[in-house]
1. Going 7 Å from the Cα of Arg25 in the Cα-to-Cβ direction, what parts of region 36-78 have a backbone nitrogen less than 19 Å from that spot?
2. If each DSSP helix of 4+ residues adds -39,500 (n - 2.57) and the sum is divided by the residues in the chain, what number results at 222 nm, nearest 500 deg cm²/dmol?
3. For the residue pair Lys12 and Arg81, what label-to-label distance in nm results when each label sits 7 Å from Cα along the Cα-to-beta-carbon direction?
4. Show me the helices of the chain, taken as full DSSP H stretches, that run 20 Å or more along their long axis by Cα and average -0.5 or above in Kyte-Doolittle hydropathy.
5. What's the whole-number percent of alpha carbon pairs in the chain lying beyond 23 angstrom?
6. Dipole size in debye (nearest 20) for the chain around its Cα centre, Lys and Arg Cβ +1, Asp and Glu Cβ -1?
7. Mind checking which lysines have their C-alpha under 30 Å from Lys48, skipping anything on the same chain fewer than 8 residues away?
8. State the extension gain, in nm to one decimal, for the chain segment bounded by Ser70 and Ala44, taking 0.36 nm per residue of separation less the distance between their alpha-carbons.
Amino acid sequence: MANHKSALKRIKQNEKKYERNKHVRSTLRTFIKRVREAAAGKDATAAKEALSAAIPIIDAAATKGVIHRSNASRNVSRLTRLVNSING
C-alpha cells in the first residue's frame, strides 16, 4: 500500500475513473457485439440499425477518453465494412 499522501490520492482518483469508465466500456462492447451478431445472422437491415446505434456510442467513448480516437475510428471502419459486405 502507498505511504505518500499524493500516492493515496492518486489511487482514489484511479478507482473513481475506473468505475466511471467501466459503464462506458461495457456499453460500448455490447453495441459492437449487437452489430456483429446481426451481421453473422445475415440480417442487413438489423445490422444497419445496430451500426447506426453503435457509432455514436463508439464516438462518445473516444470523446470521454475511454478508448483512443484511432481505436474508435478503426472500430467504426471495420463494422461498416462488415455491414456493407452483407449486401455485396
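1. Only 57-76 fall inside the zone, counting backbone N under 19 Å.
2. Calculated at 222 nm, the ellipticity per residue is -30000 deg cm²/dmol.
3. Spacing of the two 7 Å Cα→Cβ label points: 4.6 nm.
4. Length and hydropathy pass: 44-63.
5. 37
6. Dipole about the Cα centre, nearest 20: 540 debye.
7. Lys22, Lys33, Lys64
8. Separation in residues times 0.36 nm, less the Cα-Cα distance, equals 6.7 nm.
Just so you know, all these numbers are worked out from the coordinates, no wet-lab data involved. In this text, all values refer to a predicted model and were calculated from it rather than measured experimentally. Every residue, glycine among them, receives a Cβ derived from its backbone with ideal geometry; neighbour counts consider all protein chains shown.
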